[in-house]
Amino acid sequence: MKRNHPALQEKVRRLPWRDIRLDHYEHGRGHHHDEIRRLRTASFAHLDYPQARQVLQAVRWRRDLGTGKLTIERIYLVTSLPPGAAEGIELAAWIRGHWRIENQLHHVRDRTFREDASKVRTRNLPRVMAGLRNLAIGTRRQDGHTNIAAALRRTARDHSRPLTARGLT
């Protein structure tokens, strides 16, 4: 849930999260940081959001081992899953999978293509442009590129490369 639903986010944020049972706890170390993740789940009979059945609070404490800097991130998620349909460990894995997709696709669209700064906002054009950006990213990934910005710069130097890669020339 992002800040584009401020009333909903505020309603969810104000839930008595400290009184709600901890569904999942995970401690790990990697990439020069210590990390603790906690997940709590609350069921709703009614939430002003279509088909919402549960709300989750995921809190991540991350300490950089080099600098000692502590970062705390708290996010809220809404799901249509009925209570008991998934264990806390499964929900945590799904959340991590979502962020992997977010990092691989949406982050590239935001940073490389500056999608958030786009002036295309009417009718079907935003969806069409997102599809074209996804096509460009997917094509580069299929070619084995992990740095999409570098792959696009390389493609810009020879416009026939994407066509050749797809067998179209």
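Data table
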read-out	value
Residues located in segment 86-135, provided they are polar (S, T, N, Q) and in contact with a helix residue (DSSP H, G or I) (Cβ under 6 Å, 6 or more places away or on another chain)	THR112
Set ASP34, ASP48: member being open to solvent by less than 70 Å² (accessible area, probe 1.4 Å), free of Cβ contacts under 8 Å to residues at least 60 places away in the same chain and among the charged types (D, E, K, R)	ASP34
Count of residues meeting criterion [of a type outside the set (A, V, I, L, M) and open to solvent by less than 40 Å² (accessible area, probe 1.4 Å)] in segment 97-130	5
Single unsatisfied condition, ARG100 versus (1) more than 18 Å from the chain's Cα centre (by Cα); (2) assigned to a helix (DSSP H, G or I)	(1)
Filtered residues of segment 131-169 (kept if open to solvent by 100 Å² or more (accessible area, probe 1.4 Å), aliphatic (A, V, I, L, M) and more than 17 Å from ILE101 (Cα to Cα))	LEU168
Any pair with Cβ under 9 angstrom, 6 or more apart, that starts in segment 117-145 at a residue that is in contact (Cβ under 8 Å) with a residue 40 or more places away in the chain and ends at one that is surrounded by 14 or more Cβ atoms within 10 Å (Cβ to Cβ) and among the β-branched types (Val, Ile, Thr)	none
When residues of segment 74-96 are limited to those that are β-branched (Val, Ile, Thr) and surrounded by fewer than 15 Cβ atoms within 10 Å (Cβ to Cβ), the one farthest from the chain's Cα centre (by Cα)	ILE89
Qualifying residue in segment 51-58 (condition: more than 16 Å from the chain's Cα centre (by Cα) and either in a helix (DSSP H, G or I) or closer than 24 Å to GLY30 by Cα (or both))	no
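The values are calculated or read from the model by the stated rules, or taken from the named source; none is laboratory data. Note that the coordinates shown come from a computational prediction; the quantities given were computed from them, not determined experimentally. Neighbour counts are summed over all protein chains in view; Cβ atoms, including those assigned to glycine, are modelled from backbone coordinates with ideal geometry. Heavy atoms of the whole protein, side chains included, go into the accessibility calculation; ligands, DNA and RNA do not. Shrake-Rupley method; radii C 1.70, N 1.55, O 1.52, S 1.80 Å.
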